[in-house]
């Protein structure tokens, strides 16, 4: 028999349709960056083409949002956990995979943010390749007229950042592993597939696997 889960965690008589969740705004793209923050029974959110809305962060909703979206007929439930939740008027199996009924056109422009820059650089120093203690460095220092842009900012470890200081690349003795540039959405999705969350439910695997490129 499936486990029974209270909708609020305390009150088994709570009302699913009255739950205060994040579906009143842009419900289709409001997923969280850290899957650990979802705690229990996250739902993988697929676009209408059955591809994840995002790989990193992986497009996940708390189960409360997934149920609310299903009640509002905004998503179709594709797979479920072996757990149920009860309200005063209904009983629901907790969704593990949902697909949007309306297709969300992927954004072509990648926002220039701290997180996206780290993702572009695959979370490693662009001078030495180190993966820990990362910060940012202006290739052309701001004191020398350098701007804050995709083409002039890279992830750098603290030792390399201190070594370079406000010197040019030539005078610092450092070398870039690759020339920085603005990434496109497809490249960011590809980078995201290399950094899966620690927990991947078995019901998600088909949708994540089939979107990966086949080896030659």
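The values are calculated or read from the model by the stated rules, or taken from the named source; none is laboratory data. Values in this document were obtained by computation on a predicted structure and should not be read as measured data. Because the Cβ atoms are built from the backbone with ideal geometry, glycine has one as well, and the counts that use them run over all protein chains shown.
Summary table
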quantity	calculated
Unmet requirement for residue 110, which otherwise passes all of (1) loosely packed, with under 13 Cβ neighbours inside 10 Å; (2) assigned to a loop (DSSP other than H, G, I, E, B)	(1)
Boolean, residue 210 is at pLDDT below 65, surrounded by 10 or more Cβ atoms within 10 Å (Cβ to Cβ) and out of contact with any helix residue (DSSP H, G or I) (no Cβ under 9 Å at 6 or more places or on another chain)	yes
Conditions (1) closer than 28 Å to residue 65 by Cβ; (2) outside the structural domain of residue 49 (by TED's automatic domain parsing); (3) in contact (Cβ under 8 Å) with a residue 40 or more places away in the chain; number of the one not met by residue 118	(3)
Residue check, residue 165 in contact with a helix residue (DSSP H, G or I) (Cβ under 9 Å, 6 or more places away or on another chain), within 24 Å of residue 192 (Cα to Cα) and outside the structural domain of residue 195 (by TED's automatic domain parsing)	no
Any hit, region 139-150, residues being surrounded by 14 or more Cβ atoms within 10 Å (Cβ to Cβ), more than 30 Å from residue 94 (Cβ to Cβ) and without any contact (Cβ under 8 Å) to a residue 24 or more places away in the chain	yes
Qualifying residue in region 143-151 (condition: modelled with pLDDT under 95 and in contact with a helix residue (DSSP H, G or I) (Cβ under 7 Å, 6 or more places away or on another chain))	no
Search result, residues across region 160-173 that are surrounded by fewer than 17 Cβ atoms within 10 Å (Cβ to Cβ) and under 29 Å from the mean Cα position of the chain (by Cα)	none
Qualifying residue in region 122-130 (condition: more than 21 Å from the chain's Cα centre (by Cα), more than 28 Å from residue 55 (Cα to Cα) and assigned to a loop (DSSP other than H, G, I, E, B))	no
Lone unmet requirement of (1) under 16 Å from the mean Cα position of the chain (by Cα); (2) touching a residue at least 60 places away in the same chain (Cβ under 8 Å); (3) surrounded by 14 or more Cβ atoms within 10 Å (Cβ to Cβ) for residue 84	(1)
